[in-house]
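A.B. asks: Structure incoming, see below.
Quick note: the coordinates plus some simple rules give every number you see, no bench work behind them. Since the model is a prediction, treat every value here as computed from it, not as a measurement. Neighbour counts run over all protein chains shown; Cβ positions are idealised from the backbone, glycine included.
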Amino acid sequence: MDSRTAAHVLTQIAAYLELSGANRYKARAYQTAARSMLAANIDDLSATLGTGELARLRGIGPATLSVVRDLIESGESRYLEQLREQIPEGLLELMRVPGLSTEKILKLHEQAGIASLDDLELAAKEGRLAKVKGFGPRTAQKILAGIAFMRTARHFTLYPHAIITARAIVTAVRAHPDVVQAELAGSLRRVREVVADVDIVAACERGPEKVAESFGRIAGVSHARLDGGAVGIRFVDGTLLDLYCVTPAQFGVALWRATGSADHVADVRARIEQRGLRVQGDALVGRDGRAIPTPTEEALYEAAGLQWIPPELRENQGEAQAAGERDLPRLIDPADIRGALHCHSEYSDGKSTIPEIGEAAKAKGWSYVGISDHSQAAFYASGMTRERVLDQHEEIDAYNAQARGVRILKGIEADILADGRLDYDEELLGRFDYVIASIHSRFAMDGAAITERVLRAMDDPHMTILAHPTGRLLLSREPYALDVDAVLQKAADVGVAVELNCDPHRMDLDWRYLKRARDLGVTVEIGPDAHSARSLEWTDLGVSMARKGWLRREDILNARETDEVLAFARRRRT
């Protein structure tokens, strides 16, 4: 029994427990154990069971260990089979339909006999959902739209989830005795916000075809398709792997091709051909018809007359032209970040205290961290009353008075109300070091109305940052119908920063707009939207997305020192 298969079983148990209405912490324990098991990347768990190593893995407790022991000894989980007998397997797929909570799924099952995605779709089309309390015609239409969206997105995974799996796989590839080098490629290397599969290129000392074939037989594989030195693998948990095994002399070409994008590769290939060379398979071929050893991507780009292009930029957005002119930007780096401004504490819906957030920021080497809890209108997120704001400010002042090496800034995430006003009055807004403004309600306004709502809010001189501008939730909710170009132009005109919200479910503003923002001179804030001290780590993911949008250090608000950030906020007010 391998750890990937065990992780898949633990994940299924977690989903069944959630559907059964069990204590949410119980389901979460199985999810945690699944992540730990996947990260362990062990081909044969039986050896670790006897030594006690398995029991010492983080997140593995008595209950989850019992499941894994069952898998090792019998190849099956009796606990999972028990849960399957109680809950139809088709209900698991319903959990991926946007807007359907587990409570709603169970109500649909109990009152309308719905046990699969097809059942739900048919019932919504035939109007039978109306028999279930709370499911009127409008709800049925939303469900049908959600099913269509889910079917489009069902084969994709959020980047942070996919990269954990990919790193475990690339570690296994590098461990092969005939592999001298292996790197991630594809959409993961380009840092796309959602990905469909894992691409890896391996340089093999001898027999690339035999190496590829050997990976088609590793533990946890449910299907493998071999084509020379390439193998397409589907694992038991649905993960797809395309592994390309080549000689070291071909590695640079193979890595460039497998990284993509297709349009970028076509552009660079055309430039290579203009210089009298050509790409044939994974080989660079010279004018004399002989293969030119190309062990690195740098050699490939040099043959095209280009600077090496960072993978994040390879989306055919003018990067080859800039590389040919030696004019690629010096992209933002994680080390450039001096702090974070979009963070929530226990004062609203966060999980960490102010000192915990401050110490986490200090551990990252930051100069400051801003606490921006929800304003009063966000009652669903324990939005703060005026009195609670004043209490929070007292605590922040006390923390800062102790000179701990990191400064806590006083921020707020103020709701943009339906008429474009910011939550709170002018006097209270004026007490904050900076104000983040965002929409959390009435997403269904038409494009003109919601754009006017945001533009009006940007006229308020207290607004420092417009947060998660389009409201999208990746693989779950489409962005609202905002005129992004109009908003970016307004931000440039009035001096409001626009957020790149790097919560993995948001990645909002979309990287496709960031280069436009930079060209307009709009300042961008990379905001982790942290709801715990631990989730400050999302800032590094935001930096990767900012790089994808061609952003430099000077474009980023929180790459500036504390006084510069405060001055940026004060500038509008004066």
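A.B. asks: Name the residues whose placed amide hydrogens come within less than 5 Å of the amide hydrogen of residue 500, ignoring near sequence neighbours (fewer than 5 apart) on the same chain.
C.D. replies: The list, which skips near neighbours in sequence, is 509, 525, 526, 527.
A.B. asks: Suppose R0 equals 51 Å; then what is the FRET efficiency for residue 131 and residue 390 from their Cβ-Cβ distance, rounded to the nearest 0.05?
C.D. replies: E between residue 131 and residue 390, to the nearest 0.05, is 0.50.
A.B. asks: Could you tell me, in Å, what Rg and Dmax come out for the Cα atoms of the stretch 200-305?
C.D. replies: Cα-based Rg and Dmax for the stretch 200-305 come out at 15.2, 48 Å.
A.B. asks: Moving on. Cα convex hull of the stretch 334-573: how many Å³ per residue?
C.D. replies: Cα convex hull per residue, to the nearest whole number: 107 Å³.
A.B. asks: Related question: Using only the alpha-carbon atoms of the stretch 7-134 as identical scatterers, what base-10 log of I(q)/I(0) does the Debye formula give at q = 0.11 Å⁻¹?
C.D. replies: -0.46
A.B. asks: Could you work out how far the C-alpha centroid of the stretch 150-202 sits from that of the stretch 1-78, in angstrom?
C.D. replies: 23
A.B. asks: Another question about this same structure. Between the stretch 317-363 and the stretch 230-277, what is the C-alpha centre distance in whole Å?
C.D. replies: Measuring centre to centre over Cα atoms gives 30 Å.
A.B. asks: Please state the relative contact order of the stretch 256-328 as a whole percent: Cα pairs under 8 Å, 6+ residues apart?
C.D. replies: Reported as a whole number, the value is 30 percent.
A.B. asks: Under the definition of Cα pairs under 8 Å and six or more residues apart, what whole-number percent is the relative contact order of the chain?
C.D. replies: 9
A.B. asks: I need the semi-axes of the equivalent ellipsoid of the stretch 411-461: take the C-alpha gyration tensor, multiply each eigenvalue by 5, square-root it, list largest first in whole angstrom.
C.D. replies: Its equivalent ellipsoid spans semi-axes of 21, 10, 8 Å.
A.B. asks: Jot down the per residue volume, in cubic angstrom and as a whole number, of the convex hull over the alpha-carbon atoms of the chain.
C.D. replies: Here the figure is 177 Å³ per residue.
A.B. asks: As a test of understanding, state the convex hull volume per residue of the stretch 156-246 from its alpha carbons, in Å³.
C.D. replies: 79
A.B. asks: Say each of residue 167 and residue 262 gets a label point 7 Å from the Cα, pointing the same way as Cα to Cβ; how far apart are those two points in nm?
C.D. replies: Placing both labels 7 Å along Cα→Cβ, they lie 3.1 nm apart.
A.B. asks: Given a Förster distance of 51 angstrom, what is the FRET efficiency for residue 116 paired with residue 427, based on the Cβ-Cβ distance and rounded to 0.05?
C.D. replies: Step by step, r from the Cβ atoms, then E = 0.35.
A.B. asks: Which links in 362/515; 26/362; 362/490; 351/515; 26/104 stretch past 26 Å when you go from one Cα to the other?
C.D. replies: 362/515; 26/362; 362/490; 351/515
A.B. asks: While we're looking at this one, here's another question. Using the per-residue mean of other Cβ atoms lying within 10 Å as a proxy for protection, in what order, highest first, do the peptides 516-526, 563-573 fall?
C.D. replies: 516-526, 563-573
A.B. asks: For labels at residue 273 and residue 351 in the simple 7 Å Cα→Cβ model, what's the distance in nm?
C.D. replies: 5.3
A.B. asks: Next question, about the same structure. When averaged across all projection directions, what area in nm² does the alpha-carbon convex hull of the stretch 256-328 cover?
C.D. replies: 4.3
A.B. asks: By average Cβ neighbour count within 10 Å, what is the ranking of 527-535, 251-259, 56-64 from highest down?
C.D. replies: Sorting 527-535, 251-259, 56-64 by mean packing, highest first, produces 251-259, 527-535, 56-64.
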